[in-house]
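**Q** Before I ask anything, here is the structure I am working with.
The values are calculated or read from the model by the stated rules, or taken from the named source; none is laboratory data. A quick note: this is a predicted structure, and the numbers were derived from the prediction, not measured. Methodologically, a virtual Cβ is constructed for each residue, glycine included, from the backbone with ideal geometry; neighbour enumeration extends over all protein chains shown.
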Amino acid sequence: MDIWKMIQEVEDPEQRAILWKMYRGELMICKSCEETLIPRGLSQVCDSCKEASVERRRKRSREYYQRPEVKAQRREYYREYQQRPEARALKRERERKYRQRPEAKAWRREYKQRPEVKARRREYQREYMREYTQRPEVKARRREYQREYRQRKKAQEEE
Ligand SMILES: [Zn+2]
């Protein structure tokens, strides 16, 4: 584009002023859209083209991470990472800190008071006691205790 020639042909004063600025190198056309005039400086593209290119990059990156194989790879990496001793130690430490927070403590207190949780705990304890009393060693201990008790009583009656 021959700017000098255009300056001769254009009659609109505003357009002429712009062409002059381009001629002197103060203004340039955006290299990307080739429409917007921008002051000559560090950037060769206009703001909206810059934004569009950032948005395009973001979109590409979003699309990349949505790919099934990339997702699977990341899941696999995360799973492996979690198995590492240092990651496990970090997790334990995080959980410990979390449990110590007042809101976590309050939540636990509130949780324990819920009727369904209380009922579940009672049921669990009942179940445990049932199982415990059926253990052979516990049964044997009980039989032994009863036998001793009977003997003591008999001895007392004979005195
Ligand atoms: Zn542009």
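**Q** Let me confirm something: among GLU14, GLU35, GLU55, which residue is within 16 Å of the ligand (Cβ to nearest atom), in a helix (DSSP H, G or I) and either of a type outside the set (Ser, Thr, Tyr) or surrounded by 10 or more Cβ atoms within 10 Å (Cβ to Cβ) (or both)?
**A** On the way: GLU14 fails: within 16 Å of the ligand (Cβ to nearest atom); GLU35 fails: in a helix (DSSP H, G or I).
GLU55 is the lone residue from the list that is within 16 Å of the ligand (Cβ to nearest atom), in a helix (DSSP H, G or I) and either of a type outside the set (Ser, Thr, Tyr) or surrounded by 10 or more Cβ atoms within 10 Å (Cβ to Cβ) (or both).
**Q** Next question. Pairs, please: C-beta under 6 Å, at least 6 apart or cross-chain, first residue at pLDDT below 95 and in the stretch 89-107, second of a type outside the set (A, V, I, L, M)?
**A** Between residues of the stretch 89-107 that are at pLDDT below 95 and residues that are of a type outside the set (A, V, I, L, M), the close pairs are ALA104/TYR98.
One line per residue, one yes/no per condition, for (1) under 30 Å from TYR23 (Cβ atoms); (2) among the basic types (Lys, Arg); (3) in the same structural domain as LYS21 (by TED's automatic domain parsing):
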site: VAL45; (1), (2), (3): yes, no, yes
site: VAL54; (1), (2), (3): no, no, yes
site: LYS59; (1), (2), (3): no, yes, yes
site: ARG74; (1), (2), (3): no, yes, no
site: LYS91; (1), (2), (3): no, yes, no
site: ARG94; (1), (2), (3): no, yes, no
site: ARG109; (1), (2), (3): no, yes, no
site: TYR124; (1), (2), (3): no, no, no
site: GLN134; (1), (2), (3): no, no, no
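**Q** Residue by residue through the stretch 38-52, note down the ones that are part of a loop (DSSP other than H, G, I, E, B) and over 26 Å from VAL10 (Cβ atoms).
**A** At the first step, the residues of the stretch 38-52 found to be part of a loop (DSSP other than H, G, I, E, B) are 40-46.
Listed by number, the residues that qualify are LEU42, SER43.
**Q** Specify which of the listed residues (LEU42, LEU19) is more than 13 Å from the ligand (Cβ to nearest atom) and surrounded by 13 or more Cβ atoms within 10 Å (Cβ to Cβ). Walk me through it before giving the result.
**A** On the way: LEU42 fails: surrounded by 13 or more Cβ atoms within 10 Å (Cβ to Cβ).
After applying the criteria, what remains is LEU19.
**Q** Can I ask one more? Return yes when SER61 is of a type in the set (S, T, N, Q), more than 16 Å from the ligand (Cβ to nearest atom), out of contact with any strand residue (DSSP E or B) (no Cβ under 6 Å at 6 or more places or on another chain) and within 30 Å of GLU34 (Cβ to Cβ) and no when it is not.
**A** Values: of a type in the set (S, T, N, Q): yes; more than 16 Å from the ligand (Cβ to nearest atom): yes; out of contact with any strand residue (DSSP E or B) (no Cβ under 6 Å at 6 or more places or on another chain): yes; within 30 Å of GLU34 (Cβ to Cβ): yes.
Judged against the criteria, SER61 is a match.
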